[in-house]
Every structure is written in C-alpha cells, then in structure tokens.
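A.B. asks: Let me begin by handing over the structure; questions about it come next.
The values are calculated or read from the model by the stated rules, or taken from the named source; none is laboratory data. Quick caveat: nothing in here was measured; it's all calculated off a predicted structure. In this analysis, Cβ positions are derived from the backbone assuming ideal geometry, glycine residues included, and neighbour counts consider all displayed protein chains. These accessible areas exclude ligands, DNA and RNA; they are computed on the full protein's heavy atoms, side chains included. Shrake-Rupley method; radii C 1.70, N 1.55, O 1.52, S 1.80 Å.
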Amino acid sequence: MKFALSCSTFLIKIEKMLQVKVIREEQKRILNGLRKRNWSAKQLKVIEDILLLDDRRRSNQTELDNILAENNRLSKQIGQLMGQGKKAEAEDLKLLVAAQKEKVKSLEEQQRSIELDLENLLYTVPNIPHKSVPRGKTPEDNQLAKDWKKPFPSLPDDALAHWDLAKKYQLFDFELGVKLTGAGFPVYRGKGARLQRALVQFFLDEAVKAGFEEINPPLLVNEDTARGTGQLPDKEAQMYTCERDGLFLIPTAEVPVTNIYRDEIVALKDLPIKMTAYTPCFRREAGAWGAHVRGLNRVHQFEKIEIVQIVHPDQSYKTLQAMVRHVSGLLHKLELPYRILRLCGGDMGFASALTFDFEVFSAAQKRWLEVSSVSNFETFQTNRMKLRFRDENGKVELAHTLNGSALALARIVAALLENNQTAEGIRIPKALHKYTGFKMID
RNA sequence: GGAGGAAUGGGUGAGUGGCUGAAACCACCGGUUUGCUAAACCGACGUACGGGUAUAACCUGUACCGCGGGUUCGAAUCCCGCUUCCUCCGCCA
C-alpha cells in the first residue's frame with residue numbers, strides 16, 4: 001500500500017486577506033476585543049506588525065503589477081512586429097522584457113514570503129468578542145444567563161455516582177475500554193448502549209423536526225478542513241492524527257459539516273443553511289485527570305449530535321437565540337435541571353464571538369456538567385474557509401456560521417443515570433421511551 | 001494494485017502558442033411584449049489582490065482554464081511532477 005503524503009502540509013494557501021481589511025478599518029474595536037480576551041500590551045503588538053506587513057505587501061504588489069503590465073504590453077507588441085516581419089525590432093524588445101525577468105522573480109518571491117508571514121500572524125488572532133461578552137479570565141467569571149429555579153432531584157444519602165451505577169446495572173465498563181484501547185474509551189453495553197442509541201435517535205429526530213438537514217460526514221478530515229473551522233493551527237494538540245495520511249479524527253461534527261460549504265458562494269435564497277449530524281467525537285484532552293473528570297465526565301471518544309447554521313450576518317444573533325432555545329427544549333424534554341452561562345472573554349473559544357454553555361446538574365456528584373456549547377462565529381470561520389454569499393445588491397460577502405451541541409451524549413448519560421435513580425432502578429424520561437423500548441434500567 | 005482516458009466560468013462544452021478572461025448553448029438576473037402564465041426578443045452575467053483623494057454598484061492594473069513547477073518576449077494551449085474523477089482488469093466489506 002502506498003501512503004499519500006499531503007503536500008499541503010508544507011504549502012499554506014495564500015489567498016484573500018479579508019481579515020486585514022477589517023483590522024485596518026476597525027483597529028480600535030479589534031484591540032478592545034483582544035483586551036477582553038486578556039491580551040497584554042505586548043501581545044497586542046501583533047496587530048501593529050500585521051498592519052506594517054500589509055503595507056509592505058501592498059506596495060510590493062503595486063510594483064510587481066506595474067512591471068508585469070509593462071511586460072505584457074511589450075510582449076503584445078513583439079507579436080505584432082513579428083507579424084509584420086520586423087524581426088530586428090522584435091528582437092530588441094525581447095531583450096527589454098528579458099531584462100525584467102529577474103526583477104519579477106525576486107518580487108514574486110518577496111511577495112510570497114510576505115504573504116506567508118502575514119498569514120501566520122493572522123492565524124494567531126482569535127475572534128473578536130461580541131459586545132455582550134463579559135470581561136473575565138476564568139470560568140468563575142462566566143455570567144449566569146439562565147439559572148435553574150426549580151428544586152434539584154432529591155436523592156437519598158446513599159445515592160450513587162454514575163460510574164457506580166454503571167457497575168451495578170452493567171451499563172458501561174471503563175476497565176474493558178482500557179484493555180481494548182486505553183483510558184477514556186468506555187465500552188457501553190446492554191441497556192447502557194441502547195440508552196445511548198436512543199438519545200442519538202431522539203436528538204437527531206428533534207433536529208430534523210426543527211428543520212436541520214441530516215448529514216452523515218466523514219470522521220476523518222484533511223488539513224484544509226481542519227483549518228477552515230479553526231482547529232488548525234491553534235488546537236492541533238486536541239486532535240488525534242493519522243500522520244501517514246495527513247488526516248485528523250474529528251473532535252466534533254462541526255468540522256466536516258461546516259466545511260461542506262468551504263470555498264462556496266451561496267445564493268441569498270439558500271440561506272439559512274441548517275445542518276445536523278451525529279458523529280462520534282475524538283479528543284485527546286491532554287491535561288490533568290482527576291476526580292472531577294471521573295467516569296463519563298471526560299472521555300476521549302463520545303457521541304454528539306451537532307447543529308450547524310450558515311446565515312446572513314444580519315440574522316446570526318437571532319439564530320443564536322433560536323439555537324439556544326432548541327437546546328433548552330431538549331433538556332426540558334429530558335427533564336434535566338440545567339443552567340445557561342454566557343462565557344466571559346477569558347473562557348471563550350478561539351474562534352467564537354459569543355458562546356452560551358449549557359450545564360446540567362448531575363445530582364449524585366452534585367456537580368454541573370457542560371453538555372452543550374452554542375456559539376456564533378460571525379465571519380471567523382467563513383473568512384478562513386472563504387464561505388460567502390451574494391447579498392441583496394449582488395455583492396459577495398462573508399456569511400456567518402454558528403453551531404452547537406444538541407447534544408453531547410456522555411455527560412447527558414451521566415446526569416440521566418444519577419438524577420433518575422430510585423430504589424427500583426433507574427427511571428428513563430418519558431420522551432425516550434419510544435426510542436429505548438424500556439422505561440426502567442433495573 | 002495493473003492498464004487507459006479526462007480535468008476550462010453555476011451547468012453543458014469550444015478552444016493546440018499572441019487579436020481568449022476565455023466562443024456557443026443552458027441556467028440565473030434586469031428589461032420589452034402580454035389580461036396572467038408561457039414563448040419570443042434585447043441586455044447584463046466570474047473571483048481575488050492592487051492603484052485611482054474612492055468603506056454602494058465608476059475607471060484602471062495584475063493574477064487565476066484541477067494543483068505545483070518548467071520552456072518562451074508571450075501558454076488554457078508545449079514539457080515535467082502531483083491530485084482527483086471516469087472506464088476496464090484484479091482484490092474486497
């Protein structure tokens with residue numbers, strides 16, 4: 001078997017630099033936004049560097065274009081002279097053009113390296129937080145957007161955490177996962193496996209009912225795709241890689257699904273584009289493991305149903321609210337206590353402009369578990385992947401993208417098991433009965 | 001894995017060295033005609049990056065005919081490498 005070596009590994013595509021225009025025109029807003037992300041004055045210097053580099057890029061471009069224009073003009077003339085049989089005159093002009101060749105070559109090389117440097121700098125700039133994003137550095141600074149007002153499920157003192165319930169009812173097995181793969185790859189079995197499948201079905205059906213097209217994407221993606229949604233170059237360490245093939249296991253369906261429209265100019269009438277996908281998700285989650293990430297709280301492989309929208313910029317914040325409502329509805333139907341957080345500048349992801357996190361209360365652990373993250377990326381992703389649309393005036397414009405988990409399974413399972421445990425067994429919420437085929441785990 | 005063929009604008013497809021950013025047709029858009037629809041006719045119809053005091057449609061330069069490189073004064077057109085797709089054979093869920 002021959003292994004395909006990805007040559008794009010070495011060649012970063014030099015393309016449109018729209019982001020620079022925005023930085024130039026709205027420098028103040030950009031700088032303030034980065035400060036909200038707690039950038040130091042030293043870090044902010046990047047913006048200056050970018051603008052300087054862009055100046056160089058533009059003057060270089062002008063110089064190069066002028067020479068090329070002159071050469072084109074002369075070449076045309078040579079053609080005409082040849083046609084008229086004026087060979088000697090043509091030869092003279094040939095020398096003239098040939099003399100410029102070295103200059104063109106070096107200008108082109110310069111331009112390439114400037115663009116490469118510029119691109120690399122641009123890749124280090126995260127998305128600018130929306131006005132409503134609160135200041136802050138840590139998760140403690142996140143704002144409570146919606147609290148849980150009703151009482152939590154009351155459990156007896158000897159209530160079990162989900163990992164103990166899993167043992168008691170034979171729902172999933174971590175040690176077995178270690179044997180097959182390694183830590184963080186649980187094996188689900190029996191009613192544990194069926195509960196997961198039921199949840200997948202339920203979430204997909206709900207998304208389709210809400211108008212999302214069901215997509216079944218590849219679980220491995222190439223580099224361009226990973227870059228499009230912002231996994232590269234920032235979150236490289238987060239993904240599992242297949243180096244021989246230059247491919248990455250997806251950390252979320254967002255990656256392949258959003259990239260479906262990479263390098264496209266969609267018609268206004270096609271917006272909004274609503275897609276949903278169920279996929280396993282793979283995350284390396286390099287970092288500390290301990291009591292707080294026990295059981296299903298954090299695993300390397302989990303199932304998730306993602307919803308993605310590509311929308312007109314005017315609509316994206318309305319859409320964000322609609323997606324928040326959709327996720328709320330799911331948790332409601334699952335009868336899980338939840339709250340919504342508006343993430344602060346320090347806790348928000350690199351690519352996001354505004355993010356709402358959903359947390360469910362897992363009653364035996366007495367902990368809030370993040371089960372969904374709904375974000376508006378505005379033009380951050382579409383700029384990278386050149387996803388545009390033609391607006392009312394026929395002008396080409398970057399669309400906005402959004403996505404959210406609806407929902408992530410492992411932690412939902414954890415909360416469902418813990419919150420619904422009774423002396424007789426674990427009660428399955430009504431909404432799932434037709435999917436599980438059973439009402440109790442006992 | 002072996003052998004052959006192909007890659008052009010939203011689609012079909014012409015184009016084998018200069019007058020081709022690219023014919024023609026279809027689709028889309030604007031208009032005329034029409035009681036409405038259809039048809040017919042007319043017109044416009046790529047993207048990106050620069051420049052012109054130009055962050056609404058103006059003028060202008062450059063680049064782009066799968067990707068990268070080469071030959072040439074000049075390349076969609078010639079040469080080399082790569083990728084992808086199709087056909088046939090083999091293998092296989």
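A.B. asks: Which value, in Å² rounded to 10, gives the accessible area of A:I305 with a 1.4 Å probe and all protein chains present?
C.D. replies: A:I305 has an accessible surface of roughly 0 Å² with all protein chains in place.
A.B. asks: With a cut-off of at most 13 other beta carbons within 10 Å, and DSSP calling the residue loop, which GluC sites (Glu not before Pro) in the range A:339-442 qualify? Please list them.
C.D. replies: A:E392, A:E424
A.B. asks: What accessible area, in Å² to the nearest ten, does a 1.4 Å probe give for A:M323?
C.D. replies: The value for A:M323 is about 0 Å².
A.B. asks: Got a number for the accessible area of A:E214? Probe 1.4 Å, square angstrom, nearest 10.
C.D. replies: Solvent-accessible area, nearest 10 Å²: 110 Å².
A.B. asks: What percent antiparallel are the DSSP beta bridges of chain A, to the nearest 5?
C.D. replies: Of those bridges, close to 90 percent are antiparallel.
A.B. asks: If you count only protein heavy atoms with a 1.4 Å probe, what accessible area per residue comes out for the range A:15-122, rounded to a whole Å²?
C.D. replies: Working: 7040 Å² over 108 residues.
Dividing the accessible area of the range A:15-122 by its residue count gives 65 Å².
A.B. asks: Report ³J(HN,Hα) in whole Hz for each residue of the range A:139-145, in order, from the Karplus equation J = 6.51 cos²θ - 1.76 cosθ + 1.60 where θ = phi - 60°; Gly and Pro get x.
C.D. replies: x, 5, 8, 5, 9, 6, 8
A.B. asks: Where does each of A:L81, A:L219 land when they are ordered by accessible area, with a 1.4 Å probe and the largest first?
C.D. replies: A:L219, A:L81
A.B. asks: Something else about it: Sorting A:F174, A:F203, A:F438 by accessible area (1.4 Å probe), largest first, what list results?
C.D. replies: On the way: A:F174 50, A:F203 0, A:F438 20 Å².
These residues rank, largest area first, as A:F174, A:F438, A:F203.
A.B. asks: Sequence gap at least 6, Cα distance under 8 Å: using those rules, report the relative contact order of the range A:15-122 to the nearest whole percent.
C.D. replies: Once normalised by length, the contact order is 35 percent.
A.B. asks: What angle do you read, to the nearest 10 degrees and between 0 and 90, between the alpha-carbon axis of helix A:41-83 and the longest principal axis of chain A?
C.D. replies: Approximately 40 degrees, to the nearest 10.
A.B. asks: Continuing with this model, one more query. Along the charge dipole of the range A:15-122, pointing to its positive end and built from +1/-1 on Cβ of Lys, Arg, Asp and Glu, which listed residue (A:I50, A:L74, A:Q111) has its Cα farthest out?
C.D. replies: A:I50
A.B. asks: Okay, helix-only estimate at 222 nm for chain A: each DSSP H run of n ≥ 4 adds -39500 (n - 2.57), divide by all residues, round to 500 deg cm²/dmol; what do you get?
C.D. replies: -13500 deg cm²/dmol, from helical runs alone.
A.B. asks: Over its Cα atoms, what ratio of radius of gyration to 2.2 N^0.38 Å does the range A:41-177 give?
C.D. replies: Numbers: Rg = 33.4 Å, N = 137, 2.2 N^0.38 = 14.3 Å.
Normalised Cα radius of gyration, the range A:41-177: 2.34.
A.B. asks: How much of the accessible area of chain A, in percent, comes from carbon and sulfur atoms when a 1.4 Å probe is used?
C.D. replies: So the carbon and sulfur contribution to the accessible surface is 52 percent.
A.B. asks: How large is log10 of I(q)/I(0) for the range A:176-327 at q = 0.13, 0.17, 0.21 Å⁻¹ when the intensity is taken from the Debye formula with one equal scatterer per alpha-carbon?
C.D. replies: Taking Cα atoms of the range A:176-327 as identical point scatterers yields -0.71, -1.14, -1.43.
A.B. asks: I would also like to ask the following. Scattering from the C-alpha atoms of the range A:141-257 alone, worked out with Debye: what is log10 I(q)/I(0) at q = 0.13, 0.17 1/Å?
C.D. replies: -0.91, -1.20
A.B. asks: May I ask you to list the trypsin sites (Lys or Arg not before Pro) in the range A:130-217 that are in a DSSP loop and have at most 14 other Cβ atoms within 10 Å of their Cβ?
C.D. replies: Details: sites: A:K131, A:R135, A:K137, A:K146, A:K149, A:K167, A:K168, A:K179, A:R189, A:K191, A:R194, A:R197, A:K209; in loops: A:K131, A:R135, A:K137, A:K149, A:R189.
When the trypsin sites (Lys or Arg not before Pro) of the range A:130-217 are filtered for loop state and at most 14 Cβ neighbours within 10 Å, A:K131, A:R135, A:K137, A:K149, A:R189 remain.
A.B. asks: Charges at C-beta only: +1 for Lys and Arg, -1 for Asp and Glu. How large is the resulting dipole of the range A:128-225 about its Cα centre, in Debye rounded to 20?
C.D. replies: With only Lys, Arg, Asp and Glu charged at Cβ, the dipole is about 300 debye.
A.B. asks: Right, here's the next one. To test your reading of the geometry: what angle, between 0 and 90 degrees and rounded to tens, separates the Cα axis of helix A:316-333 from the longest principal axis of chain A?
C.D. replies: Approximately 20 degrees, to the nearest ten.
A.B. asks: I would also like to ask the following. Taking the Cα centre of chain A as origin, sum charge times position over the Cβ atoms of Lys and Arg (+1) and Asp and Glu (-1), and report the length of that vector in debye to the nearest 20.
C.D. replies: 680 debye
A.B. asks: Could you give me the ³J(HN,Hα) list for the range A:175-184, computed from phi with Karplus coefficients 6.51, -1.76, 1.60 and θ = phi - 60°, whole Hz, x at Gly and Pro?
C.D. replies: 4, 5, x, 5, 4, 7, 9, x, 5, x
A.B. asks: I would also like to ask the following. All other residues with a Cβ under 13 Å from the Cβ of A:L369 taken together, and with Lys, Arg as +1 and Asp, Glu as -1, what is their net charge?
C.D. replies: Charge balance in the 13 Å sphere: +2.
A.B. asks: Let me ask something additional. Taking the dipole about the Cα centre of the range A:139-441, with the C-beta of Lys and Arg at +1 and of Asp and Glu at -1, give me whichever of A:P429, A:L331, A:M275 is farthest to the positive side.
C.D. replies: Positive-most Cα among the choices belongs to A:P429.
A.B. asks: Let a ≥ b ≥ c be the square roots of the eigenvalues of the Cα gyration tensor of chain A; is it rounded (a/c under 1.5), or, if not, prolate (a/b larger than b/c) or oblate?
C.D. replies: Details: a/c = 2.56, a/b = 2.26, b/c = 1.13.
Prolate.
A.B. asks: Using only the alpha carbons of the range A:15-122, what is the convex hull's orientation-averaged projected area in square nanometres?
C.D. replies: The number I arrive at for the range A:15-122 is 8.1 nm².
A.B. asks: May I ask you to rank A:E243, A:E48 by accessible area, largest first, using a 1.4 Å probe over the protein chains only? Present the calculation step by step, with values, prior to reporting the outcome.
C.D. replies: Details: A:E243 155, A:E48 110 Å².
These residues rank, largest area first, as A:E243, A:E48.
A.B. asks: Let me ask you something else. In whole angstrom, and with the biggest value first, how far do the Cα coordinates of the range A:310-442 range along each principal axis?
C.D. replies: Over the range A:310-442, Cα extents along the principal axes are 64, 35, 21 Å.
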